[in-house]
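Novice: Take a look at this one; I'll ask things after.
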Amino acid sequence: MDSSTAKQCRDLETAVGGPLELSKLTGSRAYERFTGNQIAKIYQTQQEAYNKTERISLVSSFGATLFLGDYAPIDESDASGMNLLDIRTRQWHPQALNACGEKLSSKLGDKVVPSSTVLGDISGYFVDRYGFSPDCKVIAWTGDNPASLAGMRLEEGDVIVSLGTSDTLLLWLTEPQPALEGHILVNPVDTNAYMALLCFKNGSLTREKIRDECANGSWEDFSQLLNTTPPGNHGNIGIYFDVQEIIPFAHGQYRFNDKGQEVSSFGADVEIRAVLEGQFLAKRIHAQNLGYHIGPGNRILATGGASINTDILQVISNVFNAPVYIQKDVNSAALGCAYRAKHGI
């Protein structure tokens, strides 16, 4: 992953008053891969190319541009993943723009639009060459994560838990609390709401490592040992960061007994429950830190490889105090775009 824009990230954070202030404004602290910092690098190192550039598009808005036959505006949801958009006003933030390049607003397009905006009729090229109806409408395009939220039909209070090599949380929020960890984006379905994205590197591989060490590599034995311990694990808690974690930035394994004392090891049954409860407690805490509220009506939508394990899903349900539903494996991003198109027309 490109980390060559670390200097531009620090410059942007300094320009607006620090990383937390940038997160409060744009939904995230500065990240190397975000478009604003990539633009700043081009502006600083290839200024002639920058000055000759008439328009800067995201992949999403460029796709819409091709079908529209004219420059398409960037939608609010994808724009909120650039470190440039004020997520409260849904407008480009002047200080962030100025920190990344001159006359950047005009290059990006002065206005962003809601994700279900009808941009216009399809280009005559597609009508003539491919037989599209001249009445075909082009709806604003968005990014994969906002589209996935739409495709999985999240509602207020819902959480998507994707259980894979890395575990990912997608949340529907109404009152976001941007922090130094995670991302707040404009909701692509409800223009008055938000979504949050949290990614944890220690996911299925960490669970599989404990399975191999404690249950002879068998998920059946893993479940049997898990079910010999009660929810809460008699007060024992484990933290397992086998690889460098993103949220929080930490590494190592830590175990604490019911007295809060650090210990070197657990029995196999306690270890298995500890890795699951530790992972999902962390997810709940970080979700709440971003503004997620636990209450009646909450739903957890589980997807990914580990979602077939009902014993793991039961631990999630216990930790979030909410029912868990399995989301069938579909291309949720593509389905979400279809839903948004229907919404737009």
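Novice: For the stretch 140-210, what class follows from the C-alpha gyration tensor (a ≥ b ≥ c being the square roots of its eigenvalues): rounded when a/c is under 1.5, otherwise prolate if a/b is larger than b/c, else oblate?
Specialist: The shape class here is prolate.
Novice: Turning to a different aspect of this structure: How big is the dipole moment of the stretch 226-345 about its Cα centre under a simple scheme where the beta carbon of each Lys and Arg is +1, that of each Asp and Glu is -1, and everything else is neutral? Debye, nearest 20, please. Present the calculation step by step, with values, prior to reporting the outcome.
Specialist: Details: 9 positive and 9 negative charges, 126 e Å.
For this selection, approximately 600 debye.
Novice: Related question: Rounded to the nearest 20 Debye, what is the dipole magnitude of the stretch 56-153 about its Cα centre when Lys and Arg each give +1 and Asp and Glu each give -1 at the C-beta?
Specialist: 160
Novice: Let me ask you something else. With Kirkwood's inverse mean 1/r over C-alpha pairs for Rh, give me the Rg to Rh ratio of the stretch 110-164, two decimals please.
Specialist: 1.15
Novice: Springs between alpha-carbon atoms under 10 Å, Gaussian network over the chain: tell me which of Glu245, Glu277, Glu262 tops the mean-square fluctuations.
Specialist: Most flexible of the set in this elastic network: Glu262.
Novice: Less than 18 Å from a label point 7 Å out along the Cα-to-Cβ axis of Ser133: which backbone N atoms in the stretch 97-119 qualify, by residue?
Specialist: The answer is 118-119, whose backbone nitrogens lie closer than 18 Å to the label point.
Novice: Pull out a ≥ b ≥ c, the square roots of the eigenvalues of the alpha-carbon gyration tensor of the stretch 61-196, then state rounded if a/c is under 1.5, prolate if not and a/b is larger than b/c, and oblate in the remaining case.
Specialist: oblate
Novice: Could you work out the local net charge near Ser60, counting Lys and Arg as +1, Asp and Glu as -1, over the other residues with Cβ closer than 13 Å to its Cβ?
Specialist: -3
Novice: Within the stretch 142-195, report the GluC sites (Glu not before Pro) that DSSP leaves as loop and that have at most 16 other Cβ atoms within 10 Å. If you can, show how the numbers build up before the last one.
Specialist: On the way: sites: Glu155, Glu156, Glu181; in loops: Glu155, Glu156, Glu181.
The qualifying sites are Glu155, Glu156.
Novice: I'd like the antiparallel share, as a percent to the nearest 5, of DSSP beta bridges with both residues in the chain.
Specialist: 75
Novice: Springs between alpha-carbon pairs under 10 angstrom, Gaussian network model over the chain: which of Lys201, Lys259, Lys209 fluctuates most?
Specialist: Result: Lys259 has the largest fluctuation of those listed.
Novice: Can you grab the distance from the C-alpha centre of the stretch 104-149 to the C-alpha centre of the stretch 1-41, Å, no decimals?
Specialist: Cα centroid to Cα centroid, the span is 28 Å.
Novice: Could you tell me the convex hull volume per residue, in Å³, taken over the Cα atoms of the stretch 1-117?
Specialist: Convex hull of Cα atoms, per residue: 100 Å³.
Novice: Looking at the stretch 210-345, what % of the alpha carbon pairs are farther apart than 25 Å?
Specialist: When every Cα pair of the stretch 210-345 is considered, 37 percent fall beyond 25 Å.
Novice: Continuing with the same structure: So what is the calculated 222 nm ellipticity per residue for the chain, using -39500 (n - 2.57) for each DSSP H run with n of 4 or more, over all residues, to the nearest 500 deg cm²/dmol? Each step should come with its number before you reach the end.
Specialist: Values: 15 runs with 142 residues, N = 345.
Taken over the chain, the calculation gives -12000 deg cm²/dmol.
Novice: A further question on this structure: What is the Cα centroid distance between the stretch 230-288 and the stretch 166-220, reported in whole angstrom?
Specialist: So the two Cα centres are separated by 16 Å.
Novice: Which angle between 0 and 90 degrees, to the nearest 10, do you get for helix 332-344 versus the longest principal axis of the chain when only C-alpha atoms count?
Specialist: That works out to roughly 50 degrees.
Novice: Report P(r) for the chain: all Cα-Cα distances, bin width 20 Å, range 0 to the bin holding the largest distance, values in whole percent.
Specialist: The calculated distribution, bin by bin, is 28, 51, 20, 1.
Any read-out appearing in this document is the output of simple, stated calculations on the displayed coordinates, not a laboratory observation. What you see is a predicted model; the values in this text were computed from it and never measured. Note that each Cβ is placed from the backbone with ideal geometry, even for glycine, and that neighbours are counted across all protein chains shown.
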